[in-house]
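Here's the structure we're looking at; comments come further down.
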Amino acid sequence: MTNLYNALAQNEKNHFTVGSLRIDYPGYKKKGDYRLSRNGVAPTHINIVNGIYNMVTPQNFNELKEALDDLYTYGLTSTNTFFAQTQKELIYWITLQEEINYPQPRYAGRKLPYQRFFEGALAKIGHLTINNVRARTNNHGVGRPVLFNCNSVNIIAPSFYI
């Protein structure tokens with residue numbers, strides 16, 4: 001994204017598509033940022049939290065956790081099939097923005113949205129409320145909430161949840 005941004009003339013804008021997603025750049029936050037949309041609407045982290053909450057069950061919780069971890073680790077080269085390709089693309093591109101705007105290690109980068117997505121699954125199996133997860137997801141400027149203690153309920157946390 002930074003290279004695409006650097007190739008633009010001053011005040012020039014451009015875009016490309018990935019599946020059903022449109023990526024307009026530059027965005028408004030910082031060099032390399034972009035605006036992500038689907039059918040003209042910018043998806044939010046809350047949309048993804050709600051989607052995960054709706055798709056997870058106690059029976060597929062571990063599979064969901066492994067799929068998120070695989071996507072976090074391998075990005076679009078993830079071979080896990082829990083998520084459809086369109087879901088992988090959405091999660092990948094919406095979290096990449098966080099890495100550009102709030103890079104690790106100073107900030108949480110893409111770890112933070114993955115943590116909230118995982119908490120959406122934890123809510124579905126009864127360890128948090130979905131309203132609590134939504135509030136934690138949309139807590140701009142308040143600081144990062146303390147992570148749920150997975151050890152207290154014998155859940156092995158995914159790599160991004162530490």
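Between Asn14 and Tyr25, the built amide H atoms are under 5 Å apart, and every one of these is 5 or more places off in sequence or on another chain.
Labels on offer are (i) 41, 38, 34; (ii) 48, 38, 30; (iii) 54, 33, 25, and the one holding Cα extents along the principal axes in Å computed from this structure is (iii). More than 16 Å apart: what percent of Cα pairs in the stretch 27-104 qualify? Roughly 55 percent, once rounded to a whole number. Rounded to whole Å, give me the distance from the Cα center of the stretch 26-51 to that of the stretch 80-96. Measuring centre to centre over Cα atoms gives 13 Å. Compare Lys31, Lys13, Lys111 in a GNM of the chain, Cα atoms joined below 10 Å, and give the one with the largest fluctuation. Residue with maximal mean-square fluctuation among Lys31, Lys13, Lys111: Lys13.
Per residue, the chain exposes 55 Å² of solvent-accessible protein surface, assessed with a 1.4 angstrom probe and all protein chains in place.
Name the GluC sites (Glu not before Pro) in the stretch 60-162 that are in a loop by DSSP and that have at most 13 other C-beta atoms within 10 Å, would you? Loop-located and lightly packed - none at all. Once the mean of 1/r is taken over each pair of separate Cα atoms and inverted, the stretch 121-161 shows a Kirkwood hydrodynamic radius of 11.3 Å.
The sum of -39500 (n - 2.57) across all DSSP H runs of n ≥ 4, divided by the residue count of the chain, sets its helix-only mean residue ellipticity at 222 nm to -13000 deg cm²/dmol. Given Ile162, Asn54, Ser37, which one lies farthest toward the positive end of the charge dipole of the chain, if we put +1 on the Cβ of every Lys and Arg and -1 on the Cβ of every Asp and Glu? Of the candidates, Ser37 comes out farthest on the positive side.
The values are calculated or read from the model by the stated rules, or taken from the named source; none is laboratory data. Quantities reported herein were computed from a predicted structural model and do not represent experimental measurements. Ideal geometry is used to build each Cβ from the backbone, glycine not excepted, and the neighbour counts take in all protein chains shown. Just the protein is used for accessible areas: all its heavy atoms, side chains included, with ligands, DNA and RNA removed. Shrake-Rupley method; radii C 1.70, N 1.55, O 1.52, S 1.80 Å.
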